[in-house]
Amino acid sequence: MTLHRRDLLRTGLLAGGGLLLGFSLPRPGGRMARAGQADQVGPSPTAFIQIGTDNAITLIMPDTECGQGIWTSAAALIAEELEVGMDQIKLMPAPPDAKLYASPALGEQATGGSTSIIGDWERLREAGARARIMLIQAAAQKWHVDPATCVAQEGVVHHQASGRSAPYGELAEAANALPVPGKVTLKEPADWTLIGKPLKRLDTPGKVNGTATYGIDVQVPGMKIGTVAASPVIGGTLKSIDEAAARSVPGVRDVVKLRNAVAVIGDHFWAARQGL
Amino acid sequence: MIDLNINGQTHSVDVPPDMPVLWVLRDVVGLTGTKFGCGIAQCGACTIHLDGQAVRSCMLPAGAVGNAAITTIEKIGDSPVGAAVQKAWLATEVVQCGYCQSGQIMSATALLEQTKKPTDEQIDAAMAGNICRCGTYVRIRAAIHQAAEA
């Protein structure tokens, strides 16, 4: 029997219920609102793109960056159609919201099995294209010109005939009020400036200065740390434990008895580990 | 209470003296850039500087630090050598998953503070305690040479 790496990955993925998801909350206020207008034709691009009136362009990454470079590839898919440079964008992980961010290939909000680009290939380029069309439309309405005479480039909409231009941030609020376009025409491969080109990783600066948040780095107010000793044999159940020693460890808050395991809760990992 | 000099600031922490500095940094002070890998000083992910020397914080008791200055990945860029190492790391695209790279950068910076132009052999010897499961060793060596030229 030959086991391929991808089979192993897929098996592991399904058995484990999906790989770790980064999580954080969308930035509130002043951003293009989230999806949800009932009368829209296509899905709102705002699930993946937030443009602030301060011209901050934030792309929401549906996939977990594990070193495979997906944050750079996924960002390039959006940026290619949005017409923004890779140096103009900030990235953030998608919050837990399977309706908006489930992988089209896996059917759940998960990353694995080399499915990210397969799933993102159309939805992220379409999101970028829809946002660009809405921004151009907003500029054209503001200038009372035909949208077809405007072009978007490096985060700015230009109307060459009159020499006017406006950065996306200035147009974001007006664009947000427009209907989301339905079917969009994506750029031809010959016109790509980012897709298929060598790009610098966007996630690595935070990984050389300690600011990147890995799963183990997530901290919430009042958070405690737990360690677990599970039954060493399948079907084993907990008979009794002497909690005194664990509770005497400085920083240990609780000893939790489970059917087949014991957990020690501490103020920090050291306490939880010493107490176990 | 134990007073620790971390990145130029004094932190008074209420922890047992045998608690490793790693957990003081991560769970008490909130500096999560220093990583937990093995907890037994075998992988180097938790490397910090103690008075400029690279040490494994997972086996360093808080009570043993005394007045020594602790520097972590969050502030290593304040030193010219640390900043050069970080720059070379990005230019060379050293990072794959990045989990071990805080420790790699701390070890590399300590090396370059002491040996301005290390040879491959000196780099390999100084970096031998830092394991990278992604296998970025070749790029790490190239980046250290690049930082040495900066």
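The values are calculated or read from the model by the stated rules, or taken from the named source; none is laboratory data. Treat the numbers as computed from the prediction; the structure is a model and nothing was measured. Don't worry about glycine lacking a Cβ; one is built from the backbone with ideal geometry, like all the others, and counts go over all protein chains shown.
Select from the stretch B:68-80 the residues that are crowded, with 20+ Cβ neighbours inside 10 Å and outside any loop (DSSP other than H, G, I, E, B) and write down the one among them that is farthest from the chain's Cα centre (by Cα).
The extreme case among them is B:70.
If we keep just the residues of the stretch A:246-276 that are under 24 Å from residue B:22 (Cα atoms) and away from chain B (no Cβ under 14 Å), which is surrounded by the fewest Cβ atoms within 10 Å (Cβ to Cβ)?
Here the residue is A:247.
I'm checking my understanding of the structure. Among residues of the stretch B:15-38 that are at the interface with another protein chain (Cβ under 8 Å from one of its Cβ atoms) and small (Gly, Ala, Ser), which one is nearest to residue B:104 (Cα to Cα)?
By that ranking, first place goes to B:33.
With the checklist (1) surrounded by fewer than 21 Cβ atoms within 10 Å (Cβ to Cβ); (2) in contact (Cβ under 8 Å) with a residue 40 or more places away in the chain; (3) more than 15 Å from the chain's Cα centre (by Cα) in hand, flag the one item residue B:94 doesn't pass.
Answer for residue B:94: the failing condition is (1).
Hey, does the stretch A:144-154 have a residue that's in a loop (DSSP other than H, G, I, E, B), within 25 Å of residue A:62 (Cα to Cα) and either in contact with a strand residue (DSSP E or B) (Cβ under 9 Å, 6 or more places away or on another chain) or modelled with pLDDT of 95 or more (or both)?
Yes, the stretch A:144-154 has at least one match.
Sort through A:217, A:191 and tell me the only one that's within 12 Å of another protein chain (Cβ to nearest Cβ) and modelled with pLDDT of 95 or more.
The conditions single out A:217.
How many of the residues in the stretch B:9-35 are touching a Phe, Trp or Tyr at 6+ places or on another chain (Cβ under 9 Å) and either closer than 17 Å to residue B:54 by Cβ or acidic (Asp, Glu) (or both)?
So the count comes out to 5.
Considering A:131, A:127, A:152, A:139, which residue is in contact with a His (Cβ under 8 Å, 6 or more places away or on another chain), under 21 Å from residue A:49 (Cα atoms) and either touching a residue at least 60 places away in the same chain (Cβ under 8 Å) or surrounded by fewer than 15 Cβ atoms within 10 Å (Cβ to Cβ) (or both)?
The conditions single out A:152.
Only one of (1) farther than 30 Å from residue B:75 by Cβ; (2) in contact (Cβ under 8 Å) with a residue 60 or more places away in the chain; (3) under 19 Å from the mean Cα position of the chain (by Cα) fails for residue A:121. Which number is that?
(2)
Please give the strands (runs of 3 or more DSSP E) falling wholly within the stretch A:191-276 in which 2 or more residues are of a type in the set (Lys, Arg).
A:252-257
Which residue is farthest from residue A:276 (Cα to Cα), if the candidates are limited to the stretch A:246-257 and must be among the small types (Gly, Ala, Ser) and in contact (Cβ under 8 Å) with a residue 12 or more places away in the chain?
Among those residues, the one meeting the criterion is A:251.
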